[in-house]
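Nothing in this text is a laboratory measurement; each read-out follows from the coordinates by a stated rule. The shown structure was predicted, so the numbers you read here are calculated from the model rather than taken from an experiment. Because the Cβ atoms are built from the backbone with ideal geometry, glycine has one as well, and the counts that use them run over all protein chains shown.
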Amino acid sequence: MHATDVLHGVHWVLGLDTIATQTSPLELLSAYVAAIIHGKLLSEVSLRCFHLTEVNSAKDYDHPGVNNNFLINSRHPKSVLYNDRSILENHHAASAFAVMSEPQNNFLENLSPADYKTLRATVIDMVLATDLAHHFAILSSFKAKMAARNFDWRSVTDDRKLLFQLAIKMGDVSNPAKPWYLYSKWVDRIFEEFFNQGDKERELGLPISPFMDRTNCNFANCQLSFIDFIVSPLFDAFNTLIPIPTILEYMKQNRSRW
């Protein structure tokens, strides 16, 4: 479900009139592939069933249900393989492209070598941008460019890359910007994943990560921190590029309920 949720978010951002009219089919395909890798839909089964709509799930393909810190602290083989750097994100991208390289799954086979190279670079850039370790650097770069009136996503390659990174990041953390009846359901799901990780940490004798101890967790504090430090600054910054008043109002209303 996370895959379709992220895909929907990316599609919404890139579908805004100002952006949609200047986005190529290859760019849309790249963005959708990145989102599907992110959201765990990209597998041999989903390739057969969904084909092109699997694009936005790349981010969380083959996700073990724990975060990067857990993999590092537990000395997981994946943390060794990826040198403790964006472990899950690197793994998602690498695993997804491995699946797509199989002849029966290669829905990209008709792309020219140049287009495939472009798509692959865009997908990797977008998936790696979802690592929260890079969140503040990416957001700060965007805010600085906007403050200096130096964000030309229409013609500057690096700025366009940044726009697509923002799109998948917004799709990834967009739950608090949805109506409460949707947002609250996602809160239940994310806490179950958090608590499962906390259980594993307890079993291994590791420190239990913040908000992941099912015996002692303040739901409100967790969500308020998430909104105030991650989601709201990201969406507020994007609002300076393209106004999104309805989305900001949803977030304001949701925050008030905690």
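Stretching the chain fully between N106 and N218 yields a gain of 35.8 nm (0.36 nm per residue, less the alpha carbon separation).
Sparsely packed loop sites in the stretch 208-258 (the trypsin sites (Lys or Arg not before Pro) outside DSSP H, G, I, E and B with at most 13 other Cβ atoms within 10 Å) comprise R257. The loop-placed trypsin sites (Lys or Arg not before Pro) in the stretch 61-166, going by DSSP, that have at most 14 neighbouring Cβ atoms within 10 Å of their Cβ come out as R75, R85, R149, R154.
Spin-label model, D158/N83: points 7 Å from Cα along the beta carbon direction are separated by 2.2 nm.
Sketch the reach of a paramagnetic label on Q253 as a point 7 Å from Cα along Cα-to-Cβ, and name the residues of the stretch 144-183 whose backbone nitrogen lies under 12 Å away. Residues passing the 12 Å test: 177-183. Please identify which residues in the stretch 113-130 have an amide N closer than 16 Å to a label point set 7 Å out from the Cα of I190, following the Cα→Cβ vector. Within reach of a label on I190, which here means backbone N under 16 Å from a point 7 Å along Cα→Cβ, the stretch 113-130 contributes 130. Legend: distances between Cα atoms for K78/K178; K185/K252; K117/K178; K145/K252; K143/K252; pairs beyond 28 Å are K78/K178; K117/K178. For the chain, the membrane-span-like helices by this rule, meaning whole DSSP H stretches whose C-alpha atoms cover at least 15 Å of axis and whose Kyte-Doolittle mean is 0.5 or above, are 25-38, 87-101, 135-147; this says nothing about an actual membrane. Site pair W12 and L204 shows an inter-label distance of 3.4 nm when each label is modelled 7 Å from Cα along Cα→Cβ.
P(r) for the stretch 175-258, from all Cα pairs and a bin width of 5 Å, is 3, 14, 22, 20, 15, 11, 8, 5, 2, 0 %, short bins first.
Full extension of the chain between A144 and S74 yields a length gain of 21.5 nm, computed as 0.36 nm times the residue separation minus the alpha carbon distance. Which residues among the stretch 69-95 fall inside the zone where the amide N is under 17 Å from a point 7 Å beyond the Cα of A137, along Cα→Cβ? The answer is 69, 82-91, whose backbone nitrogens lie closer than 17 Å to the label point. Count Lys and Arg as plus one, Asp and Glu as minus one, and take only other residues whose Cβ is under 13 Å from that of Y181; the net charge is then +2.
Working note: Cα atoms of the chain, range along each principal axis, descending, whole Å: 53, 43, 32.
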